[in-house]
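Values in this text are rule-based calculations from the coordinates and carry no lab data. Every value quoted in this text rests on a predicted model; they were computed, and no experiment measured them. Cβ atoms come from the backbone with ideal geometry, glycine included; neighbour counts cover every protein chain shown.
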Amino acid sequence: MTGLPALQLDSVGVRLGEVDALRDVTLALDVRTVAVVGENGSGKSTFARLLAGLIAPTVGETRILGLDPVRQAAELRRRVAVVFSNPDAQIVMPTVAEDVAFSLRPDRLGRDETRRRADETLERFGLTDLRDRSAHDLSGGQKQLLALAGAFVRRPDLVVADEPTTYLDARNARRVAAHLLDDTGHRLVLVTHDLSLAERCDAAVLFVDGRVEAVGEPAAVIAEYEATLTRVPPC
Ligand SMILES: Nc1ncnc2c1ncn2[C@@H]1O[C@H](COP(=O)(O)OP(=O)(O)O)[C@@H](O)[C@H]1O
Ligand SMILES: [Mg+2]
């Protein structure tokens, strides 16, 4: 343990090509579940990718789970799992069971332990009966549950989910949200446009134009977000 908050950013900026996707982001959050809200293009996905060690900050200091995402990138990627909106992009193996087992490859657990962990995770996500099915032929909801299984089978300390319910119907969205929010020993950063889902997190962060506009109790942050929406820009 480092004693640092799980998410600590000091004056962080991320420049992507000609765009300042994140500007002067300073945050220290140690709650278990964090919602990230904001309009399209406000920097939410850039923030999510930064936390997952998928991109490096251009300026500023970042510690995620106490780790430096540049110098300790491999360790960070081992401890953080990512879930995106589009489950098709996350399927890499032909069958459901193989796809879940594939996520464990970096952990070099051996065949029996890999199988045991994969089976246990398939059961947890209600995929046992589909284990030998073609992963690409699943329904959208089943595919997203498979993506969650691939993320959770590694027992991550932090799950970063970027709009994980966007393409799902109401029932599957609830199912996926329940798995993400359920306390199974992981922390969660959840980028979402579903404000009722954001409200169920311990804290929320509002991004506007690459900057943190508000951070704190979800209800207060969402109220601030809604207030920004009434400021309609001239077309
Ligand atoms: N690879 C990229 N190259 C250049 N600009 C990018 C890239 N990815 C995102 N951006 C820009 O960065 C800003 C923030 O994008 P993003 O983090 O995807 O926002 P959000 O997820 O909130 O919609 C936007 O202006 C977007 O166009
Ligand atoms: Mg995005």
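Mind listing the phi-derived Karplus ³J(HN,Hα) values for segment 26-42, rounded to whole Hz, using 6.51, -1.76 and 1.60 with θ = phi - 60°, and x for any glycine or proline?
Along segment 26-42, the couplings run 10, 8, 9, 10, 10, 6, 6, 10, 10, 8, 10, 10, x, 5, 4, x, 7 Hz.
Which whole-Hz couplings ³J(HN,Hα) result when phi for each residue of segment 53-58 is put into the Karplus expression 6.51 cos²θ - 1.76 cosθ + 1.60, θ = phi - 60°, listed in order with x for Gly and Pro?
x, 8, 9, 9, x, 7
Sorted from largest down, give the three principal axis spans of the alpha carbons of segment 122-233, whole angstrom values.
So the extents along the principal axes, rounded to whole Å, are 51, 30, 22.
Around LEU197, with a cut-off of 12 angstrom between Cβ atoms, what is the net charge of the other residues, counting Lys and Arg +1 and Asp and Glu -1?
Value of the local net charge: -1.
Can you give the Kirkwood hydrodynamic radius of segment 7-229 from its Cα pairs, in Å with one decimal?
Kirkwood hydrodynamic radius for segment 7-229: 17.9 Å.
So if I take the centroid of the Cα atoms in segment 189-229 and the same for segment 95-144, what is the distance between those two points in Å?
Each part reduced to its Cα centre gives a spacing of 33 Å.
What does DSSP give for the chain in terms of the percent of beta bridges that are antiparallel, rounded to the nearest 5?
So the antiparallel bridges in the chain amount to around 50 percent.
Count the net charge of all other residues whose Cβ sits under 13 Å from the Cβ of ALA135, scoring Lys and Arg as +1 and Asp and Glu as -1.
-2
At a Förster radius of 22 Å, what calculated FRET efficiency corresponds to the Cβ-Cβ distance of GLU113 and ALA73, to the nearest 0.05?
So the FRET efficiency works out to roughly 0.30.
At 1.567 mPa s and 4 °C, plugging the Kirkwood radius over alpha-carbon pairs of segment 34-106 into Stokes-Einstein gives what diffusion coefficient in µm²/s?
Here the translational diffusion coefficient equals 92 µm²/s.
Percent of Cα-Cα pairs per 5 Å bin, from 0 to the last occupied bin, for segment 14-53, please list those.
Here the calculated profile for segment 14-53 is 5, 18, 30, 30, 11, 4, 1.
How far apart, in nanometres, would the label points at LEU4 and THR166 be if each is projected 7 angstrom from Cα along the Cα-to-Cβ direction?
Using points 7 Å along Cα→Cβ, the separation is 2.9 nm.
Each residue of segment 216-224 in turn: what ³J(HN,Hα) in whole Hz from Karplus with 6.51, -1.76, 1.60 and θ = phi - 60°, glycine and Pro shown as x?
x, 4, x, 4, 5, 5, 5, 4, 5
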